[in-house]
2 protein chains.
Amino acid sequence: MNQRIEELVTPIKDDLTSGAAELALQAITALRALMAEAQHESPEHVKGLLVEAVQALVQAHPAMAPLFHLGNTVLQATKDIRDTPSLIQAADVALDQFETKLCESAAKIADQVYNLIPPGELVFAYSFSSTVVSGLLNARARGKFFRTVCSEARPSMEGRKLATMLAGAGMEVINTFDSAMGLILPQCRVAFMGCDCVGRPGIVNKVGSWLLALACKEQGIPLYALAGTEKFVADERFFEFEDHERPGSEVWKDPPHGVRVLNKQYEPIPFNWLAGVVTEHGILQEGDIEKYISKMEVHEALRIEGAFAN
Amino acid sequence: MNQRIEELVTPIKDDLTSGAAELALQAITALRALMAEAQHESPEHVKGLLVEAVQALVQAHPAMAPLFHLGNTVLQATKDIRDTPSLIQAADVALDQFETKLCESAAKIADQVYNLIPPGELVFAYSFSSTVVSGLLNARARGKFFRTVCSEARPSMEGRKLATMLAGAGMEVINTFDSAMGLILPQCRVAFMGCDCVGRPGIVNKVGSWLLALACKEQGIPLYALAGTEKFVADERFFEFEDHERPGSEVWKDPPHGVRVLNKQYEPIPFNWLAGVVTEHGILQEGDIEKYISKMEVHEALRIEGAFAN
């Protein structure tokens, strides 16, 4: 990999405590830096850099749909341009537009979260999602009082990041280990999670979301996934999370001989276990998803070979 | 508390990685030591020591029924004795009998576990239970090959103790974090857990067991609780686990201001989520439990005041 691209992508790849929307914002910053440094290069070279950077970003977190859509948007916006200044400008415009869309989606979602929080009650939030954080902070800022319960979210412990951020904003937080969900959920009135990807088969999110959703279903607690439509994907991309596995040493540093440590990151959750997907277009149910899946052609550098390939 | 009793009980209280049967064996060793050192004391003093030690053991792990039954058995066996040598002898006999019963139960349970493991398949085991370990090791020693999947069991990580022990015996083990249960269980054919307490309302075990049981029910995987009848309790003792909470610092050492860290240890699991309770009398269902609950009178030092009190 190009050394500069590696420098820019590695921090995003190794960031295991940020959600998909937050990493997409970081990816925008990385691509802007790459473009700014490329103004004296040939257009072919700049296009090559863009393709390599986008592929590296998508491979860094293959379940995170916003990285894919961001990359595809930039590649499509620049593919037919033949001079470097125009190419860089087109990339910048695409990056700006995507950033605006991400921020506007988050704001519209936050407004809806306000209405879903019963005042004075306990609210459960899983893993870390900047969309969930902005929803909770917005509700608090608009005068709604509630306490948030969150779990650690092993192995990366991004639940502690959530707890720290909310407590830092003056909110009361209860934190516990992940397997204690069943014990604390009966006291919660609503649950929220971010997600990495939404498609017709369901949603994909951090491992543990399946258990959370199952427990919420069992206990009759509405669970909402918060996701701008930049997380919606067509069927062929939905299962990209399946083969993604991080090193076992992130879970158990020195396991004894004979112990294989499994460190999967993502899992699918069926739609009918959720109360809905909160998007910038409102709270969607399973049947609403398809119409919001992007119809933008997939750039050849991002196409998937195999059974589902175009 | 008597200093010697504190010395003997503290290691048992602070042992968060051993199961109830294993800690009962350690408690037997502690009580034997206490009796051996008391031979020149008055019978009143020896009885006072026994009461104090037994109360401390029961309070150390209030959900662990074998500690209660062990303590009650020794107190009942000695309560009417008026000279020190006879008292110590009666205590020793009671301790020996309880130890024999624990070991015989474990052996009979292990034999039944053998029949429940499908050869060549993945077996899930939760938390740490010496009864589960002996069942799995016995099955392997009798020539059954299988792989065991276990999770960490935060916050005490006793799942790593299980993994290490099985791997040390040459067995293949897969370990992952607790919230990844939902991801790995579909590949398992059977699941086992120990338990701390069995009563008419259900079973009590390490936090996380409720999620495991729910996930097993959802996925059609038979989950067995392994428990000798020394874990069976009457209704008034069943809910003793509820108020038991360990320091939050064992979960998160330095949480920021505003974050309360919850560290509950035990939770109840309904019977009808289990395939059965494997005991020394066979695999029991909900309706079988009552007849195996000990009818032994509860020593006055161990009676519970309140709504359920005798």
Original post:
So what is the relative contact order of chain B, in percent, for Cα pairs below 8 Å that sit 6 or more residues apart?
Top reply: 18
**OP:** Report, as a whole number in µm² per second, the diffusion coefficient that Stokes-Einstein gives for region A:3-105 at 37 °C and 0.692 mPa s using the Kirkwood radius over alpha carbon pairs.
**Re:** 244
Original post:
Rounded to the nearest 500, what is chain B's calculated 222 nm mean residue ellipticity when only DSSP H runs of at least 4 contribute -39500 (n - 2.57) each, over all residues?
Top reply: -14000 deg cm²/dmol
Subject >> Taking the C-alpha atoms of region A:27-171, convex hull volume expressed per residue in Å³ >> reply: 118
Subject >> For chain A, the longest site-free run once GluC sites (Glu not before Pro) in DSSP loop states with at most 11 other Cβ atoms within 10 Å are removed >> reply: A:1-296
Original post:
Given a cut-off of 25 Å, what percent of all Cα-Cα pairs of region A:96-239 lie beyond it?
Top reply: 24
Subject >> Extent along principal axes [Cα atoms of chain B; Å; largest to smallest] >> reply: 60, 53, 40
Original post:
For B:E121 and A:Q39, what is the calculated FRET efficiency with R₀ set at 45 Å and r taken between the beta-carbons, to the nearest 0.05?
Top reply: 0.15
**OP:** Quote the convex hull volume per residue of the protein assembly as shown, based on C-alpha atoms, as a whole number of Å³.
**Re:** 166
Original post:
Regarding region A:220-262, what whole-number volume in Å³ per residue does the convex hull of its Cα atoms give?
Top reply: 175
Subject >> Distance between region A:217-233 and region B:21-81 - C-alpha centres, whole angstrom >> reply: 53
Original post:
Excluding same-chain residues fewer than 8 positions from B:K231, which lysines have a Cα within less than 24 Å of its Cα?
Top reply: B:K13, B:K79, B:K101, B:K108, B:K161, B:K206, B:K217, B:K264, B:K291, B:K295
Subject >> Dipole of the protein assembly as shown [Lys/Arg +1, Asp/Glu -1 at C-beta], most positive-end residue of B:S156, A:W252, A:I269 >> reply: A:I269
**OP:** Please work out the FRET efficiency for the pair B:A107 and B:D83, using the Cβ-Cβ distance as r and a Förster radius of 45 Å; give the result to the nearest 0.05.
**Re:** 0.80
Original post:
Within region A:154-175, what residues put their amide N at less than 20 Å from the label point 7 Å along the Cα-to-Cβ vector of A:A141?
Top reply: A:162-173
**OP:** Report, as a whole number in µm² per second, the diffusion coefficient that Stokes-Einstein gives for region B:154-310 at 10 °C and 1.306 mPa s using the Kirkwood radius over alpha carbon pairs.
**Re:** 90
Subject >> Relative contact order (percent, whole number), region B:108-292, Cα cutoff 8 Å, 6+ residue spacing >> reply: 22
Subject >> Check: chain A dipole with +1 on Lys, Arg Cβ and -1 on Asp, Glu Cβ, in debye >> reply: 980
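Every read-out reported here was derived from the displayed coordinates using simple, explicitly stated rules and does not represent laboratory data. Here the structure is a predicted model, which is why all the values come from computation and not from measurement. Neighbour counts are summed over all protein chains in view; Cβ atoms, including those assigned to glycine, are modelled from backbone coordinates with ideal geometry.
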